[in-house]
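Colleague: Before we start, here is the structure in question, set down as structure tokens.
The values are calculated or read from the model by the stated rules, or taken from the named source; none is laboratory data. None of the values given here were measured: they were computed from a predicted structure. Backbone-built Cβ (ideal geometry, glycine too); neighbour counts: all protein chains shown.
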Amino acid sequence: METIQIHTTSKEYPVILGAEALTALAPFLKEHLSNVTKIMIITDSNVGDRYLNQVKHQLGEYEVVTHLVPNGEKAKTFDVFYDCLTAALQEKLDRKSLFIALGGGAIGDLCGFVAASFMRGVPFIQLPTTILAHDSAVGGKVAINHPLGKNMIGAFYQPEAVIYDIDFLQSLPAMERRSGFAEVMKHALINDLHFYQWLLTDIDNLQTITTEQLQECLSKGIKVKESVVSKDEKELGIRAFLNFGHTLGHAIEAEAGYGSITHGEAVVIGMVFALRLSKKLLHLQFEQQEFLEWLHKLGYSTKVPSGLYEEKLIDRMKQDKKTIGQVIQFVLLEEVGKPVLYKIDENVLLEELKQFMKEESR
């Protein structure tokens, strides 16, 4: 197992990463949260069926209750958020209680926001079960969705720890592997040319990726995330760079309907478009065709889903958290590892998006 220490202005905490990392949960609680009165695990039925008993076994001496929520992005609604708070009150959780997020990025986002809101904030621990959550579980951004925008209602609230058992990732279906690996690509592109080149060279099949390769990918990605959030916890500056590919990606998710396309698969389309803009507007030197061929080999589509329209997507982008005064800002690359925030005229963006969608649909 590997421990990566996360440093933020408000808190420092460990990410414990590796096979059988779950065995570190009870020792961590005894050392750091010895006065826990009750634990509520928030999870969904898919994850619960596979891993809930294992987690409860590790928590044998604690009083544990479970609250099941819908799968995926359907968990991140006002109604589900309210139901979680109601369940916590009915179970008589108090300020010494602990929430545990057992699941992927959506569960972590929801559970973290519940923990941040319950009695004005109680501790929570992230137990990620997806590749995607190597990004979302670290850094303290917790939120639910609004019909008008993704992750628009939330807080910055750091966990006590992230315990990331790679054994949980073995059962992931291909779609979820692709979704999560998109964030690995993002971390490489915004931070480290050598990391990106290693991915291109060494990773050619997400179904046969080795445990060692996967742990290296996750470790590198988490360290990139740590290097950013340690300098900018609340996204007042460089943390916005972590949204590379997300401006169009989030717009696609919202316009298609949350859950119709996975987060990572939408972000991949957003990254392809952002790289296209970077080449045109910032003269980025980048082998776009090599990148596209690699994505297709890994099973990604780089097409905007059918039935979505440029004007509607731009309206969604205007609701992006980076947008100020209705001026859309993209994270672009001057070079791999050197991101910038770039304001783009709406008419220019519309023409570029039309051309992109036309070319990618061929």
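Colleague: For region 29-45, which positions are in a helix (DSSP H, G or I) and surrounded by fewer than 17 Cβ atoms within 10 Å (Cβ to Cβ)?
Modeller: Those that are in a helix (DSSP H, G or I) and surrounded by fewer than 17 Cβ atoms within 10 Å (Cβ to Cβ): Lys30, Glu31, His32, Ser45.
Colleague: So which helices (runs of 4 or more DSSP H) are wholly in region 249-362 and hold at least 1 residues that are within 19 Å of Leu132 (Cβ to Cβ) and either at pLDDT 95 or above or under 20 Å from the mean Cα position of the chain (by Cα) (or both)?
Modeller: Hits in region 249-362: 263-282, 288-297.
Colleague: Residues that are assigned by TED's automatic domain parsing to the domain that holds Glu293 and closer than 22 Å to Cys111 by Cβ, at least 3 per element: which helices (runs of 4 or more DSSP H) completely within region 140-245 meet that?
Modeller: 174-191, 211-229
Colleague: In region 283-303, what residues are under 15 Å from Val340 (Cβ atoms) and surrounded by 15 or more Cβ atoms within 10 Å (Cβ to Cβ)?
Modeller: Leu284, Phe286
Colleague: So, one more: With among the aliphatic types (A, V, I, L, M) and either under 27 Å from Leu148 (Cβ atoms) or touching an Asp or Glu at 6+ places or on another chain (Cβ under 6 Å) (or both) as the only criterion, which of Val331, Val336 stands out?
Modeller: Result: Val331 is the single residue among Val331, Val336 that is among the aliphatic types (A, V, I, L, M) and either under 27 Å from Leu148 (Cβ atoms) or touching an Asp or Glu at 6+ places or on another chain (Cβ under 6 Å) (or both).
So that you can scan it fast, the table gives a plain yes or no per residue for (1) surrounded by fewer than 24 Cβ atoms within 10 Å (Cβ to Cβ); (2) touching a helix residue (DSSP H, G or I) at 6+ places or on another chain (Cβ under 8 Å):
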{"site": "Ala115", "(1), (2)": "no, no"}
{"site": "Asp135", "(1), (2)": "no, yes"}
{"site": "Val142", "(1), (2)": "no, yes"}
{"site": "Gly149", "(1), (2)": "yes, yes"}
{"site": "Ile153", "(1), (2)": "yes, yes"}
{"site": "Tyr157", "(1), (2)": "yes, yes"}
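Residue by residue, here is whether (1) crowded, with 23+ Cβ neighbours inside 10 Å; (2) farther than 30 Å from Phe28 by Cβ holds:
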{"residue": "Asp165", "(1), (2)": "yes, no"}
{"residue": "Ser171", "(1), (2)": "no, no"}
{"residue": "Ala174", "(1), (2)": "no, yes"}
{"residue": "Ser179", "(1), (2)": "yes, no"}
{"residue": "Glu183", "(1), (2)": "yes, no"}
{"residue": "Lys186", "(1), (2)": "yes, no"}
{"residue": "Leu193", "(1), (2)": "no, yes"}
{"residue": "Trp198", "(1), (2)": "no, yes"}
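Colleague: Report every pair of residues separated by at least 6 positions or lying on different chains whose Cβ atoms are under 7 Å apart, first residue within region 10-26 and closer than 23 Å to Gln213 by Cβ and surrounded by 15 or more Cβ atoms within 10 Å (Cβ to Cβ), second at pLDDT 95 or above and among the aromatic types (Phe, Trp, Tyr).
Modeller: Val15/Tyr164; Ile16/Tyr164; Leu17/Tyr164; Ala21/Tyr164
Colleague: Is it the case, given these coordinates, that Thr3 is over 17 Å from His134 (Cβ atoms), modelled with pLDDT of 95 or more and either within 20 Å of the chain's Cα centre (by Cα) or not small (Gly, Ala, Ser) (or both)?
Modeller: Judged against the criteria, Thr3 is not a match.
Colleague: Being outside any loop (DSSP other than H, G, I, E, B) and touching a Pro at 6+ places or on another chain (Cβ under 9 Å) is the filter; apply it to region 71-105 and report the residue that is surrounded by the fewest Cβ atoms within 10 Å (Cβ to Cβ).
Modeller: Val80
Colleague: Restricting the search to region 291-337, which residues are farther than 30 Å from Asp204 by Cβ and either of a type in the set (Ser, Thr, Tyr) or touching a Phe, Trp or Tyr at 6+ places or on another chain (Cβ under 6 Å) (or both)?
Modeller: Tyr309, Thr323 - these are the residues of region 291-337 that are farther than 30 Å from Asp204 by Cβ and either of a type in the set (Ser, Thr, Tyr) or touching a Phe, Trp or Tyr at 6+ places or on another chain (Cβ under 6 Å) (or both).
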